[in-house]
Amino acid sequence: MSEQLKFIVEQLNREPFKKSFNLITFDSLEPIQLLQTLNDVLAEIDPKQAIDIREEMPEQMAKRMFTLLGMLKYKPSGGMAEVSSFRQGLVIGSKPVVHPILHWLLQRIPELKKRAYLARFLYEELVEGFKNIHKECEQLKSSGFSTAEIRRDIVAMEEEKDQLIKRVERLKKRVEAVSNHQRMLELARQLRVEKEREESLAHQKQEQKNQLMLCFISSCLMKRLEEDIKFNSYMVSEKLPRELENMRKVVQYLQKVASEPAMGQAELRELEDKAAIIVRKKETKVEELQEAREELAAVERELNMKSSQAREQGGAELIRGDEFKRYVAKMRGKSSTYKKKRQEIAELKAEYGVLQRTEEILRERHTVGQQQLQSLEAQRGISGYSDTQEELERVSAIKSELDEMKGRTLDDMSEMVKKLNSVIAQKKTALSPLIKDLRALRQEHTELAPEYEQKKAQYDTCSAGLESNRSKLEQEVRMLREETAQEESRYHHINCMREIVESQMQRAADQSKINQSMDLQVRRTALREKYIANMGEQESLGKVLRQQVKQVRENQEPNMRQMKMWKDLETLLECKKQCYLKAQSQAPIGHVIQDVGKDMLVL
């Protein structure tokens, strides 16, 4: 999909389109902009298509594009089964439908230009177009629409348009009375644009999430396929060749065995005798091995007893020279005996292994001989002959009985075969009418299939038109609902304003009655009297305040001079205080004599 988008963007940025798209801006195009881009590409192929799709009805636009794509031999990716979804996607400007069309058109523009030019002079295609147009005309005639109804609808729509224009003018007049109405309208327009952009970004975000999910699923599938490929390659390159090699070895061995001459009864009996002799030798050697093991166990027990006695004595007794020599000689004899026995045990084990292998070989040969014998008997058609021969040698008395049993078995088998043949014949006779009916139904299906496809195409066309009409009606209903909501809010606002005005008018009427009353006590409760009294109080208060302001202005300069003098006095007193504190802190070097108007320091 990314390679397809890259190719489309590159081609649209070149001559003759000269678009300035990148992957993000092209992917974020609105459906109407995407359809306009598709129409520009079609206009490059056929100049008759160079129109603004905003000035064209969606049905006419879809029909025009369908006709041109059909003339250019474009086939949707889903085949005939997805024609309805393809048409609906083209009407609404769906990306999965428009992007493949652009990719297909941009790959072969020169060829399509030539085809579109030659299509004007092809009579057969014109005839087919006339047939389709005539068929659509007949469908429109039979659909129940009439020109009178259409004219009434047009008149009603024009009246609604006039009403909407008047309503817009009234709203403009109401808005012009508000301060900064241009600024508010601009902000509302920006808000609407930002909301539409937010919706488009949310839609784009959801599409990108879906693409990421598809990428994740495809990566999981790729990993799974890679694992399957690794397993299959392992099976093909390692396991299966190894098994095949083993099977070849087995086949070679079997061929080698089959090529050897078959053994007779004398050879088999000789092998059985040898096997019996080997088994007897094996048994004797096993007995000798058991005796040697018992003797070894007794020696070990004796050795353990001697060791325990030596540990109990604690090494107090010392072995003398002669006794030590005898002990050493005895141990050497036992050691030589042990070595001999051990050697004999090893020989017995080796002989036991040889005998065991010989027994296995003889058994394998016996098995191979039996298999060869059975295969030869099977080839000659006398399976079980050797077993029968042995039975005849042992029990010759029951030969006739066995023959009778074989005869009965063959009779039973032949009778069973006859029954099976009869059952098969019955089934065939029962199924023959069903097979005839099936052939007739297949023929009927073959005849009805083209009619079904034609009806389905008509249904898809009608469905696409009805779907576009439904979307238009839904949009109109949505606009009317919004208008109704606005009118309801305006109605409630006007009612509230009316109630406020009525209450104010009622209050004004009550005050008018109070003012016209002859009772002084009642007239004093009137708002006019209260307002006059309040105005008098406020005027007297204003006079007092103005008098105070006048006094403050007159006394401002003397007060400022007095404040300056107080500040100077405060500075002088602070300086004297500092000097006094400094004099107190220093050592006295004399005394001060203060007289009238002068101070003297006497040292």
- Excluding residues fewer than 8 places away in the same chain, name every one of the lysines whose C-alpha is closer than 30 Å to that of Lys419. Lys406, Lys427, Lys428, Lys436
- Take the range 11-81, compute every pairwise Cα distance, and split them into 10 Å bins from 0; I just need the percent in each bin. 17, 46, 35, 3
- Message: Per residue, how big is the convex hull of the range 335-380 when only Cα atoms are used? Give it in Å³.
- Response: 26 Å³
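For the range 434-574, compute Rg over Rh where Rg is the Cα radius of gyration and Rh is the Kirkwood radius from the inverse mean 1/r over Cα pairs.
1.72
Rounded to the nearest 0.05, what FRET efficiency is calculated for Leu171 and Cys215 with R0 set to 35 Å and r the Cβ-Cβ distance? Before the final figure, lay out each step's value.
Values: r = 49 Å, r/R0 = 1.41.
Here the calculated transfer efficiency is 0.10.
So what is the accessible area of the range 165-237 per residue, in Å², with the probe set to 1.4 Å?
Numbers: 6850 Å² over 73 residues.
Using a 1.4 Å probe on heavy atoms only, each residue of the range 165-237 averages 94 Å².
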- Placing each pseudo-label 7 Å from Cα in the direction of the beta carbon, Leu572 and Asn232 end up separated by a distance in nanometres of 11.7 nm
- Kindly report, to the nearest 10 Å², the accessible surface of Tyr234 as traced by a 1.4 Å probe over protein heavy atoms only. 90 Å²
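Projected area of the range 143-209, taken from the Cα convex hull and averaged over every viewing direction, in nm²?
Values: hull surface 33.6 nm².
Value for the range 143-209: 8.4 nm².
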- Once you sort the root eigenvalues of the Cα gyration tensor of the range 1-121 as a ≥ b ≥ c, which label holds: rounded (a/c under 1.5), prolate (a/b larger than b/c) or oblate (the other case)? rounded
- Protein chains only, probe 1.4 Å: how do Glu158, Glu186 rank by accessible area, largest first? Glu158, Glu186
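The values are calculated or read from the model by the stated rules, or taken from the named source; none is laboratory data. Quick caveat: nothing in here was measured; it's all calculated off a predicted structure. Cβ coordinates were reconstructed from backbone atoms using ideal geometry, including for glycine residues, and neighbour counts include every protein chain displayed. Ligands, DNA and RNA are excluded from the accessible area calculation, which covers all protein heavy atoms including side chains. Shrake-Rupley method; radii C 1.70, N 1.55, O 1.52, S 1.80 Å.
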